[in-house]
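Take a look at the structure below.
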Ligand code: G6P
């Protein structure tokens, strides 16, 4: 397996570092920036039905569910179609309202997660159109879907999902752009700009990976924390959830992800001079609001680690540690802002001496309910 790990100590690290390539592979052949064209034949076949559907329901578990949450914000913003995001396990056991022609997007790395599979099986029987965003080619969810798009991230071995997540976001961004163009809810300039922003992601991801040593040093500083809080707003709120999930999975440190503004309704009670609070605070339309949330944490002596955008002159003066990312449009930013969080949890897990590729009690693919 040393060879399979391609010189990296763990599959997780290898997969984090593969992201510039896997995101590129996901966009390649689909996104034609020069002509401003997105080609996804499966989705295009259903485009008319999707834009006319009353709503889209996204069904997933775990990290894939977080990708669904980002997609909710992106699709509603760009396509003006109402989106609901459901945990597959909840959706399948309640008596959900599904009408003929409803559109369901199932997101799954493995394509074998039992709860997701059964949930879409039921919905399909009731006449829903099932679109699958799947990594594993030929998997059960891919086969059950009417149409879909593969993420082309390659086999993911590390139990904690990394490159599959950014692949899912890349696909979902293209789906949203394609639908918005089809429906006419996006103007041409914004469309072309977002196409460009997408193409620039692999290079920016590469630049972020160069911060590895810096992130490792931060991980070592906080590795003995017993709790951690991850906060973000808007497109970065699901990234905060994903950061907390990664830390739990790999380092067994209790972590909670929260919308930054919602912390005052609970998690703020945990803040003391021992608590690391990770803010996903890249430059976007929520930035000013996030800055005041950081001030609220600092006023209570919490330790703030902030993921910020280059050129930010405010947060470095407030935070204990900053990780500085290249600028990106807020719609595509989660593909970048998640990378330092993946590295952070990886290094904390390694520093604590855990088997990061096979965390205790977790399975790569949960084929039982
Ligand atoms: C397990 C894995 C997670 C994954 C989740 C959903 O819990 O450990 O990494 O996000 O299942 O899996 P799926 O294959 O459906 O994306």
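The values are calculated or read from the model by the stated rules, or taken from the named source; none is laboratory data. As the structure is a prediction and not an experimental result, all values here were calculated from the model. Note: ideal-geometry Cβ built from the backbone for every residue, glycine included; neighbour counts use all protein chains shown.
Can you say whether residue 56 is surrounded by 20 or more Cβ atoms within 10 Å (Cβ to Cβ), over 21 Å from residue 115 (Cα atoms) and either more than 16 Å from the ligand (Cβ to nearest atom) or without any contact (Cβ under 8 Å) to a residue 24 or more places away in the chain (or both), as far as the supplied structure shows?
Numbers: surrounded by 20 or more Cβ atoms within 10 Å (Cβ to Cβ): yes; over 21 Å from residue 115 (Cα atoms): no; either more than 16 Å from the ligand (Cβ to nearest atom) or without any contact (Cβ under 8 Å) to a residue 24 or more places away in the chain (or both): yes.
Spelling it out, it is not the case that residue 56 is surrounded by 20 or more Cβ atoms within 10 Å (Cβ to Cβ), over 21 Å from residue 115 (Cα atoms) and either more than 16 Å from the ligand (Cβ to nearest atom) or without any contact (Cβ under 8 Å) to a residue 24 or more places away in the chain (or both).
Looking only at segment 92-118, how many residues end up being more than 11 Å from the ligand (Cβ to nearest atom) and in contact (Cβ under 8 Å) with a residue 24 or more places away in the chain?
Restricting attention to segment 92-118, the residues satisfying the condition of being more than 11 Å from the ligand (Cβ to nearest atom) are 92-105, 118.
Now restrict to residues that are in contact (Cβ under 8 Å) with a residue 24 or more places away in the chain: 92, 96, 98-105, 118.
Residues meeting the conditions: 11.
Here is a list: 340, 276, 334. Which entry is touching a strand residue (DSSP E or B) at 6+ places or on another chain (Cβ under 6 Å), under 19 Å from residue 165 (Cα atoms) and at pLDDT 95 or above? Walk me through how you get there before you give the answer.
Numbers: 276 fails: under 19 Å from residue 165 (Cα atoms); 334 fails: touching a strand residue (DSSP E or B) at 6+ places or on another chain (Cβ under 6 Å).
On inspection, the qualifying residue turns out to be 340.
Answer yes or no: is there a residue in segment 73-82 that is without any contact (Cβ under 8 Å) to a residue 12 or more places away in the chain, touching a strand residue (DSSP E or B) at 6+ places or on another chain (Cβ under 9 Å) and within 21 Å of residue 242 (Cβ to Cβ).
Quick first cut of segment 73-82, residues without any contact (Cβ under 8 Å) to a residue 12 or more places away in the chain only: 76.
Keeping just the survivors that are touching a strand residue (DSSP E or B) at 6+ places or on another chain (Cβ under 9 Å) gives 76.
Filter again for within 21 Å of residue 242 (Cβ to Cβ), leaving 76.
Yes; the residues of segment 73-82 include at least one that is without any contact (Cβ under 8 Å) to a residue 12 or more places away in the chain, touching a strand residue (DSSP E or B) at 6+ places or on another chain (Cβ under 9 Å) and within 21 Å of residue 242 (Cβ to Cβ).
Can you name the helices (runs of 4 or more DSSP H) wholly within segment 163-212 that have at least 2 residues being on the phi < 0 side of the Ramachandran plot and out of contact with any helix residue (DSSP H, G or I) (no Cβ under 8 Å at 6 or more places or on another chain)? Before you say what the answer is, go through the steps one by one.
Numbers: elements: 163-183, 188-199, 201-209.
Where helices (runs of 4 or more DSSP H) fall fully within segment 163-212 and carry at least 2 residues being on the phi < 0 side of the Ramachandran plot and out of contact with any helix residue (DSSP H, G or I) (no Cβ under 8 Å at 6 or more places or on another chain), they are 188-199.
I'm trying to understand the selection: among the residues of segment 63-91, which are within 16 Å of the ligand (Cβ to nearest atom) and touching a helix residue (DSSP H, G or I) at 6+ places or on another chain (Cβ under 7 Å)? Full working, then the answer.
Our first condition is that a residue be within 16 Å of the ligand (Cβ to nearest atom); within segment 63-91, this holds for 63-71, 85-91.
Correct list: 63, 64, 66, 67, 69, 70, 71, 85, 87, 88, 89, 91.
Can you pull out the residues in segment 92-113 that are more than 23 Å from residue 154 (Cβ to Cβ) and at pLDDT 95 or above?
Initial filter on segment 92-113 (more than 23 Å from residue 154 (Cβ to Cβ)): 92-104.
Of everything in segment 92-113, those that are more than 23 Å from residue 154 (Cβ to Cβ) and at pLDDT 95 or above turn out to be 103, 104.
From the set of residues in segment 121-142 that are within 14 Å of the ligand (Cβ to nearest atom) and assigned to a strand (DSSP E or B), which is nearest to residue 170 (Cα to Cα)?
133
With the requirement that a residue be farther than 10 Å from residue 109 by Cα and outside any loop (DSSP other than H, G, I, E, B), what does segment 149-162 give you?
The answer is 149, and nothing else.
What is the number of the single condition among (1) out of contact with any strand residue (DSSP E or B) (no Cβ under 7 Å at 6 or more places or on another chain); (2) surrounded by fewer than 16 Cβ atoms within 10 Å (Cβ to Cβ); (3) outside any helix (DSSP H, G or I) that residue 110 does not meet?
(2)
Are any residues in segment 143-161 within 9 Å of the ligand (Cβ to nearest atom) and surrounded by 24 or more Cβ atoms within 10 Å (Cβ to Cβ), and if so, which ones? Before the answer, list the steps.
Quick first cut of segment 143-161, residues within 9 Å of the ligand (Cβ to nearest atom) only: 156, 158-161.
Matches in segment 143-161: 156, 158, 160, 161.
Tell me, which residue of segment 343-369 that is touching a helix residue (DSSP H, G or I) at 6+ places or on another chain (Cβ under 6 Å) and farther than 22 Å from residue 155 by Cβ is farthest from the ligand (Cβ to nearest atom)?
That would be 351.
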